[in-house]
Structure formats: structure tokens, C-alpha cells
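> Pasting in a structure now, in C-alpha cells, and then I'll have a few things to ask.
Every number here is computed from the coordinates shown, using simple stated rules; none is lab data. Predicted model only: the values in this text are computed from it and were never measured. Every residue, glycine as well, gets a Cβ built from its backbone with ideal geometry; the counts of neighbours run over all protein chains shown.
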Amino acid sequence: MGPAASRGLSSLRISALPKGIAMTALFALSACQGGPGGTPLSLGVNSGTPVSVLQHINNAGAKCWMRSGDRQFRGLHLIPELDTTAGRPRLLIMKSSDRQGLPQLVIEASGTPPRITTYGPLVTGATGARVNADVTRWAGGPDKC
């Protein structure tokens, strides 16, 4: 390759560099954004045990999501799995029509102090931001809907 061609290639690389950096930054920032509904939650709670925090979330969720007739939770039911000798205590929200299927939402607690984690289609879908806001509020104490 001659000197002129080398200079042209070199200037091409230099001018493409800022665009490449900008694209990399754009992809990195877009990866941080939640989807249309939200992203899984990982929340530290300052008091209680994993089971006591999940009991509180279970009571509030049953009242505010299941028994209230909320349209976003119709056709779903809440299953508390708090009495575990192996594994982590958790709450499962399942489709009522498919009791053997995969959970639509899992709320799990572990550790001291407790760490609450949410995951499943309800978290990443249209209800995700609301689910995480409710769980965060209920884990902190208030059980208002």
C-alpha cells in the first residue's frame, strides 16, 4: 500500500473512532434502561428476617393485587412458599389456569439483613415498574395499596 493510500486509511480510522465510541456508549446506556415495564429488583431491607418480610409482602399482595379485583392480576393467584427447609423462602404468582406452569412472578428473600429479589414475566412486562414499586414499599413496612 502506498503512502497516499496509507494516509487515507489512517484518516478513515481516526474519523471513525469518535463514531465508534459514541455507538459503544449508546449501547451501554441503552442496556441500563428498563424495558417497557421494568427490570428485576434486588433490594436490601434493614429489618426483619427473610420470612417476616415476605409474610408482610404476601399479606399486602393478597389484599392489593389478588382480592382487590385489579385487572393486571386477574387470572393469577399467589402461592407463598415461606416454610422452606432447603432453599430460599419465596412468593410465586401463577396463572390460575395453569397451576403446574412457570411462575409469572417470583419474589424471593435471603440473607441477614434480608435481600428481596423479583423476577419473571410480570417484572419485565408492562406491570414491572408497578410490581417493583409495590414490593419496595411493602418491604419497607407500609401495606397500603
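> Of everything in the range 99-135, what is within 19 Å of GLN55 (Cα to Cα), under 11 Å from the mean Cα position of the chain (by Cα) and β-branched (Val, Ile, Thr)? Give them in sequence order.
VAL106, ILE107, ILE116, THR117, THR118, VAL131, VAL135
> So, one more: From SER68, SER96, grab the single residue that is on the phi < 0 side of the Ramachandran plot and touching a His at 6+ places or on another chain (Cβ under 7 Å). Quick ask: steps written out before the conclusion?
On the way: SER68 fails: touching a His at 6+ places or on another chain (Cβ under 7 Å).
None of the other options fit; the residue is SER96.
> Being touching a Cys at 6+ places or on another chain (Cβ under 8 Å) and in contact (Cβ under 8 Å) with a residue 12 or more places away in the chain narrows it down to one residue among SER68, SER97; which is it?
Matching residue, one of SER68, SER97: SER68.
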